[in-house]
Amino acid sequence: MDDCSSESSLVTAAPHASFLQRTLERLSSTQCLQIRAEEAAPVAVIALQRYLSENEAEQLDSYDVTFTDGVWRAKCLLHPGLHDLVHTNTLRTGADVFISQCSYIYNERMLGHGYICIEQLRCQPGRSVVLPQIKDIRSLPVLVKHGMERSVMLQSDVPLQVSRKHYLSLWNNDDPEGDIWSPGYPSPEPVLDVSKITLLCHLESFFKPTWKSLPLLVKIIHKSRLRYYGKHGQKIDFPYQAYFEVADQSGIMSLVLWNELCPEYYQKLTVGTVLYLQNYTLKQSYSNRSHPQMDHHRMKTFNSEICLNPRNPASFITVISPKRVLPQWGLPEVAYHFVTRSELDSLSNNAACDVIGLVTYVGRIERVKNKATKGPEKYWTYRWIHAVDGTSDHPFILELFSSSQPDIFNHICPMTYLVCTQMRVCQVDGSLSYLTSSFETETFITGYHKGQPYVSDPKVKSFIHWTKTLKDNAVLEKTAVGGHYYYPHPPQKCLQAMADSSAQTLLVAVADLKTEMETLQYREHKRFAIQGQISAVRYTELQTREVPVVRHGGDPPSSAEQTARASLTSQSHEKIPAKRIQLREVTPSVQRDHSPAKRKAELQEERDSESDPEPLQDAERRPPLQLEDSDLLSWESSSWEKQQEEVTEHLCQGGLHRDSFHRGFTLDDKDVLLQWSNLQPAHWAPEQSPDTVPPADCPGYYQVTILGINKQIAVDAAFFPIVSTADPRAVGLPQDPHGNTMLSSLSSGFLCPLGDPASTSDMILPEPEEVLATARELEDVHVVCILDLCHLGVDRVEVVLSRVYRVTELRLNEEVNKC
């Protein structure tokens, strides 16, 4: 080990049992330490926790990372220069790292507090070598510098930067995070004097600045998700807010829980809970906040808000157990507005409803940036879900955002009974309507239904009766998890504005697309449109096999995998006739030389190898992860070879990966499929051990090269057409017949007609060679391409070509291009 200072010290000859202990001892004599490669040892990441930085100038989040070497645990601060490793899920729980530089930071405003700051490290691909040796991670002692014993308390569940009192969820701001949110044990209920209570209808008429509030007795009828409003420079320890709708016999009023009261009460307060409230304040409701639709309650709604504060004044909240609630109090029953799938299409756009269904498809969790926020970037997490209720041939299509219920959101899987409240209808021209969650949505799955007020609803009872007529095996055959999915499908005819920044699909320059690809964060999804022409298409036929996947979001490629192309190398290789093999070394896409001179040399090498039998002999000795090229399953425009000489950049780091394909669901694979489709967890647990994800059922895909309209930048995107009704992407897809040419397939997104696994008739789809034989119609055609981008972790960026439009078929507006 070398010190960053001018002084250097020798390492004692006697080996230490713990790398972390040895590092801390070295930091006792120097502030900054560099660790040579031969002295380093792997340490595993067991916790990665986020919070708002106390440095106002940086306007960043901070991260505490907890390591173990199998002997000690040590919580350290991650240097801001390493934050990108978290943003791309390169540094993640359950993986090993090698620390190469660190320092020790003392808190100058507090006695006896300090911590290690990690300034440089190297993430190790593959499975951890440290964690399999640990039986109980909690039994390992916490490493603390001598004289800093007070830090043991701080290394429990609070940030190392002590001006912050709590952690945030790792991937969004909506979910409660940490022990402070545990409901705890119910407190003893005091004797209630209900003779002095007032009704909600009297509050607004009695309210004056000097008025002393009288007790309220109310029932919660709606609960919203948490709202975090923290920002730099703010002196509030727990900047949270939670809205509820409460009712008594006179009507409904909003109630808002503020700051420290949120960690204490948010988990305890559920729909149906009865509250006895004292020392509250009253104010006019914020006009711009969203409200649940409550017409079905048929009760008067008041415009004021009941505010419960931790101080000035300190509110008193008493949660009354159900057995103590008396009928003479006259509290209303909780009402719902359940609709069946057959009734959904009759609802107006943005109408609110409650639904119950049997889940048949669960998409991977993705993230989308909230552009309205200032300061640190804020992300929402969401997933797509299909659920059936037996009243229609179509499922509910649900866009479900996290609702501050992480234990439920992360465990939604096929075959569970799902209830979603306060969903909003989104109508789609020419396709099926879908439902998206609102700020007031709550979700419940099997295991959480007991005691919920909706269990007595007639439509819920009817649904349960229907499920008893089903056979599990028949339902399981129609279930799926994960993979690329996006709804609604791009329209068959582009009519929406795309030059407007508010458009759902934004038209961008190809150079801007490069920036977007480089700045995407883990599981972030974006959709863009670009102009250009399709210059080349290559079909890759897949031979899938079971592959190990480690934890949520997957590992980076192993050292062997890194010698092959980034897309799909972990699970497949091409099946190409041997006599047509063109063999060349393929390096990771991020390192590939795409200069015109290099590409020209490669093309010449390919031509020279066509008559040389030697590459075939070499190919037989190559590992199965090697990708091979074939002219038999490819097409290039006549001008592409010359155009490549003028291309300044070829963006081909995107494509398809093992996470791009959905998997069939089985009960035996439930846990591993949930881990695979969920986000990387903030804390490692032994149950996150490596396991095998079932193989994907995908015959192949087309790698499409799109040359930008100015012919300076090219981009590769993957097109894998829908070929079966069993594909979750087939739901709601317009299926107008077409000729199965390359252009018509790209324009529709599917091969015609779609196969039906439940049908006994033989449906013959065109072979890739037949489709590619028609690709010459793409020659020099000006097109608009819809691309879906999603960052899958480390350096894996999924780029999917979702739809292609011929510009000559588009209607153009003088002010804005419309598509």
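Quick notes on this one:
- Checked against the criterion of being outside any strand (DSSP E or B), on the phi > 0 side of the Ramachandran plot and open to solvent by less than 40 Å² (accessible area, probe 1.4 Å), the stretch 738-746 has at least one qualifying residue.
- Contact map, the stretch 706-724: residues that are part of a loop (DSSP other than H, G, I, E, B) paired with residues that are crowded, with 21+ Cβ neighbours inside 10 Å and of a type in the set (A, V, I, L, M), Cβ distance under 7 Å, separation 6+ or inter-chain. Pairs shown: PHE720/LEU656.
- ARG298 passes every criterion in (1) open to solvent by 30 Å² or more (accessible area, probe 1.4 Å); (2) on the phi < 0 side of the Ramachandran plot apart from (2).
- Which listed residue, of SER304, SER205, SER213, SER287, is modelled with pLDDT under 95, over 27 Å from the mean Cα position of the chain (by Cα) and buried (at least 18 other Cβ atoms within 10 Å of the Cβ): SER213
- Some residue of the stretch 471-479 being part of a strand (DSSP E or B) and either crowded, with 16+ Cβ neighbours inside 10 Å or in the same structural domain as SER321 (by the TED database) (or both): no
- Number of residues in the stretch 387-403 that are in contact with a Pro (Cβ under 8 Å, 6 or more places away or on another chain) and crowded, with 24+ Cβ neighbours inside 10 Å equals 1.
- Among (1) under 27 Å from LEU743 (Cβ atoms); (2) over 19 Å from the mean Cα position of the chain (by Cα) - the single one ALA685 does not satisfy: (1)
- Check on ASP174, of a type in the set (Asp, Glu), in a loop (DSSP other than H, G, I, E, B) and open to solvent by less than 20 Å² (accessible area, probe 1.4 Å): yes
- Residue tally, condition assigned to a loop (DSSP other than H, G, I, E, B) and either among the acidic types (Asp, Glu) or not assigned by the TED database to the domain that holds CYS32 (or both), over the stretch 98-134: 1
The values are calculated or read from the model by the stated rules, or taken from the named source; none is laboratory data. As the structure is a prediction and not an experimental result, all values here were calculated from the model. All Cβ positions, glycine included, derive from the backbone under ideal geometry; neighbour counts span all protein chains shown. These accessible areas exclude ligands, DNA and RNA; they are computed on the full protein's heavy atoms, side chains included. Shrake-Rupley method; radii C 1.70, N 1.55, O 1.52, S 1.80 Å.
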